[in-house]
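The values are calculated or read from the model by the stated rules, or taken from the named source; none is laboratory data. Keep in mind that what you see is a predicted model, and the values were worked out from it rather than measured. Every residue, glycine among them, receives a Cβ derived from its backbone with ideal geometry; neighbour counts consider all protein chains shown. Accessible surface areas use protein heavy atoms only, side chains included; no ligands, DNA or RNA. Shrake-Rupley method; radii C 1.70, N 1.55, O 1.52, S 1.80 Å.
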Amino acid sequence: MRPSNEPFFWAIFSAGGMIVAFLLPVLVIITGFLVPAEVVEFRQLDNLFGNWLVRLVVFGVAFFSFFHAAHRIRHTLKDVGLRRIATPLAVVCYLAALAGTVWAAIVVL
């Protein structure tokens with residue numbers, strides 16, 4: 001039986017799902033609702049995101065979000081009937097996740 005790299009991608013998928021479920025709503029509430037409502041001042045948020053640990057957490061959220069989405073999209077498209085192009089589909093999905101992660105690294109770090 002040929003060794004598979006599928007467990008690695010499922011691990012990133014599950015970690016991404018947990019991180020996205022717990023941290024992304026908090027980030028959306030803070031940046032999408034509390035800052036525009038002036039409950040949290042932009043200066044306070046800017047000082048918070050100036051911390052390297054907070055930036056690392058935001059980068060981690062972006063990294064796991066992109067790979068979680070890529071894995072979910074890949075398997076959804078395979079289930080829809082695109083099994084014959086599974087390999088190019090995987091390459092496109094994971095390259096898109098990698099491009100998003102590189103973009104997040106440039107913006108956040």
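Here are the numbers:
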| item | result |
| --- | --- |
| Which numbered condition Ala37 misses (of (1) assigned to a helix (DSSP H, G or I); (2) at pLDDT 85 or above) | (1) |
| Counted residues, region 73-95 - those being loosely packed, with under 15 Cβ neighbours inside 10 Å and touching a helix residue (DSSP H, G or I) at 6+ places or on another chain (Cβ under 7 Å) | 2 |
| Out of Gly32, Gly50, Gly60, sole residue that is open to solvent by less than 70 Å² (accessible area, probe 1.4 Å) and within 13 Å of the chain's Cα centre (by Cα) | Gly60 |
| Condition check for Arg55: in contact with a Leu (Cβ under 7 Å, 6 or more places away or on another chain), farther than 17 Å from Cys93 by Cβ and among the basic types (Lys, Arg) | yes |
| Verdict on Phe9 being modelled with pLDDT under 90 and within 18 Å of Thr101 (Cβ to Cβ) | yes |
| Among (1) open to solvent by less than 70 Å² (accessible area, probe 1.4 Å); (2) in contact with a His (Cβ under 8 Å, 6 or more places away or on another chain) - the single one Trp10 does not satisfy | (1) |
| Selection count where residues are surrounded by 12 or more Cβ atoms within 10 Å (Cβ to Cβ), touching a Phe, Trp or Tyr at 6+ places or on another chain (Cβ under 7 Å) and more than 19 Å from Trp10 (Cβ to Cβ), scope region 96-109 | 4 |
